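Data block below; observations after.
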Amino acid sequence: MHFHSRRSPVLSTRGMVATSQPLAVAAGLEILSRGGNAADAAIATAAALNVTEPTSTGIGGDAFALYYDAQSGQISALNASGRAPAALTIERLRRESLIDEREASIADPFHAHTVTVPGACAGWCDLVARHGRLRMAEVLAPAIRLAEEGFPVAPVTAYFWARGAQRQLARAPNGVELTIGGRAPRAGEVFRNPGLARTFRAVAEGGAEAFYRGPIAEAIVRVLRAAGGAMSADDLAAHTSTWETPISTTYRGYRVWECPPNGQGLAALIGLNILEGFDLADMPPLSAERLHRMIEAMRLAFADTAWYVADPAFSPAPLAELLSKGYAQSRRELIDPGRATPDQPRGVPVTSSDTVYLSVVDGEGNACSFINSNYMGFGTGIVPEGWGFTLQNRGHNFSLDPEHPNALAPGKRPYHTIIPGMITREGDGELFACYGVMGGFMQPQGHVQVAVGLIDDGLDPQAALDRPRFCIEGGRAGGRVSLEEGIPVGVMSQLAGMGHTVAPRSGYARAIFGRGQVIVRDAESGVLWGGSDPRADGCAMGA
């Protein structure tokens, strides 16, 4: 049984961009046409997404990237996530009565204390400096034009903008800058953001320095201090991205790549390692038999990552052991083929420790898997006055249990949900797929489900993205399982009968299943096959 897509994949040989906003795709294609490569086009696309979908992403958030260099076959991982302010401690939060003891997290997810240093700007500049060909002024030009001249707001974006306007922007300092007289722009309404254009012009001329020092940094500190936050000018000035060694595992003749912790890509790799021991191709894709095994594999993966994913500078995880095939076998044996086990404990490996996603492959075969996010839509909704972007709330993902590896500490990076993915062919190391699925804790689950569609079922990228998904809510091993419209009702009831707490989802509630982009490269012809998630406003387009 194959899942039949309602939309054809997009094909090209000269480069491709796939993301959730067509105007951002156009920005990336413009940069490719000007001689830019995958790195340049990725940042042009990310900046344009900040303009057209500020409900999900922006320069006030964080970013991660995987970059495949076609000439060397090497993959590099960029961690452009920020750190907690030096003055922020668990003790301070306790003194200020801001701890939700039941959840061991900051009680108000939009409080100024949830703002970590925004890492995106440094990440944009670092990716272009290391792998790109163009100057930042050229790369940011399409986004500056969109922000100054305005753009018509897409329908799905308008819906979530309205929710964010009520939830965050209405009460956040200067949140009105991201509205039209206090309300969200409607679908088809033109929105201009001169403040954001001003931010991008400063970065185009002065690089990351213009963001982390000077007037923008002063405005960030001023608005956060006024809202009770702890961020200082020194916190911003000290920020750096890090280039890291990506982590990977093999899956049926392919190698799947993720960024290492503090990102949750580890969960996708653990899930795939467990699933490799099952003959999924022999099970109908939307059957209870297959979905049960995939859900249980992800429960086990989340049980591990909820503990082990933390800033490795503070708490390094035993990655080699967690990713070993022997460990996967021991975890696989915990899966009961007929019953759900929502309370799986984390394993003890033996040691010898809301978001936009975009995919770009250029005509030479270089690829950039890039993800940039505020978290929870507009993040805190707090806007540094006059600069047109909101500040993230990634600090809400810290644990406030002092014994936890992901416990809040000054200068520490939190557990991160945003993860770019990439797949190469194990035989020759050539690029197979540049892909990702955005959406909080859905992301590793989406990576696993799309990879299974591409590899086990041989689907094209669009069909793999169109297939209905499951989502274990909240990234918790015992979480309720949302099931998307399109999974047969009989299968939903079978899963419920096996002990899964299930919740059918349709309409706008399908946002929980994330929004992905996939570009697959044919090894022999070099033809690029692209797909874009039907759950968003976007598309894939060839150069």
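The values are calculated or read from the model by the stated rules, or taken from the named source; none is laboratory data. The model shown is predicted, which means the values in this text are computed figures rather than measured ones. Here the Cβ positions follow ideal geometry from the backbone for every residue, glycine too, while neighbour counts run over all protein chains shown.
Listing for the model above:
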| quantity | calculated |
| --- | --- |
| Strands (runs of 3 or more DSSP E) wholly inside region 1-120 that include at least 3 residues being aliphatic (A, V, I, L, M) | 15-19, 62-68, 75-80 |
| Counted residues, region 406-429 - those being closer than 15 Å to residue 455 by Cβ and over 17 Å from the mean Cα position of the chain (by Cα) | 4 |
| Residue within region 482-491 that is assigned to a strand (DSSP E or B) and buried (at least 24 other Cβ atoms within 10 Å of the Cβ) present | yes |
| Qualifying residue in region 293-308 (condition: in contact with a Leu (Cβ under 9 Å, 6 or more places away or on another chain), in a loop (DSSP other than H, G, I, E, B) and surrounded by 20 or more Cβ atoms within 10 Å (Cβ to Cβ)) | no |
| Looking only at region 401-415, and only at residues there that are in contact with a Ser or Thr (Cβ under 7 Å, 6 or more places away or on another chain) and surrounded by fewer than 24 Cβ atoms within 10 Å (Cβ to Cβ), the one that is nearest to residue 192 (Cα to Cα) | 410 |
| Conditions (1) crowded, with 24+ Cβ neighbours inside 10 Å; (2) in contact with a helix residue (DSSP H, G or I) (Cβ under 8 Å, 6 or more places away or on another chain); (3) within 25 Å of residue 520 (Cα to Cα): number failed by residue 66 | (2) |
| All positions within region 522-531 that are out of contact with any helix residue (DSSP H, G or I) (no Cβ under 7 Å at 6 or more places or on another chain) and surrounded by 24 or more Cβ atoms within 10 Å (Cβ to Cβ) | 528 |
| Helices (runs of 4 or more DSSP H) fully within region 143-227 counting 1 or more residues that are surrounded by fewer than 16 Cβ atoms within 10 Å (Cβ to Cβ) and small (Gly, Ala, Ser) | 194-206, 215-226 |
| Residue 398 being at pLDDT 90 or above, surrounded by fewer than 21 Cβ atoms within 10 Å (Cβ to Cβ) and touching a Lys or Arg at 6+ places or on another chain (Cβ under 9 Å) | no |
| Long-range neighbours under 6 Å by Cβ, at least six apart or interchain, first residue closer than 18 Å to residue 417 by Cβ within region 307-326, second of a type in the set (Phe, Trp, Tyr) and outside any helix (DSSP H, G or I) | 309/415 |
| Region 416-475: number of residues that are under 23 Å from residue 82 (Cβ atoms), small (Gly, Ala, Ser) and surrounded by 24 or more Cβ atoms within 10 Å (Cβ to Cβ) | 4 |
| From 204, 143, 104, 147, residue being among the small types (Gly, Ala, Ser) and closer than 20 Å to residue 375 by Cα | 104 |
| Selected residue (only one of 533, 460, 537 is at pLDDT 95 or above and charged (D, E, K, R)) | 460 |
| Filtered residues of region 495-518 (kept if among the hydrophobic types (A, V, I, L, M, F, W, C), part of a loop (DSSP other than H, G, I, E, B) and either under 19 Å from residue 448 (Cα atoms) or at pLDDT below 95 (or both)) | none |
| One residue from 436, 479 being in contact with an Asp or Glu (Cβ under 7 Å, 6 or more places away or on another chain) and under 19 Å from residue 301 (Cβ atoms) | 479 |
| Test: residue in region 313-329 that is crowded, with 22+ Cβ neighbours inside 10 Å, assigned to a helix (DSSP H, G or I) and among the hydrophobic types (A, V, I, L, M, F, W, C) | yes |
| Scan of region 353-365 for residues that are part of a loop (DSSP other than H, G, I, E, B) and either surrounded by 24 or more Cβ atoms within 10 Å (Cβ to Cβ) or under 16 Å from the mean Cα position of the chain (by Cα) (or both), ordered by number | 354 |
| Residue 125 more than 17 Å from the chain's Cα centre (by Cα) and outside any loop (DSSP other than H, G, I, E, B) | yes |
| Any hit, region 272-291, residues being at pLDDT 95 or above, under 30 Å from residue 57 (Cα atoms) and surrounded by 24 or more Cβ atoms within 10 Å (Cβ to Cβ) | yes |
| Residue count, region 519-540 (criterion: assigned to a strand (DSSP E or B) and within 25 Å of residue 161 (Cα to Cα)) | 4 |
| Meets criteria (over 20 Å from residue 377 (Cβ atoms) and assigned to a loop (DSSP other than H, G, I, E, B)) for residue 454 | no |
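Yes/no matrix, rows are residues, columns are (1) of a type in the set (S, T, N, Q); (2) more than 26 Å from residue 247 (Cα to Cα); (3) in a loop (DSSP other than H, G, I, E, B):
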residue	(1), (2), (3)
380	yes, yes, yes
383	no, yes, yes
387	no, yes, yes
391	no, yes, yes
402	no, yes, yes
411	no, no, yes
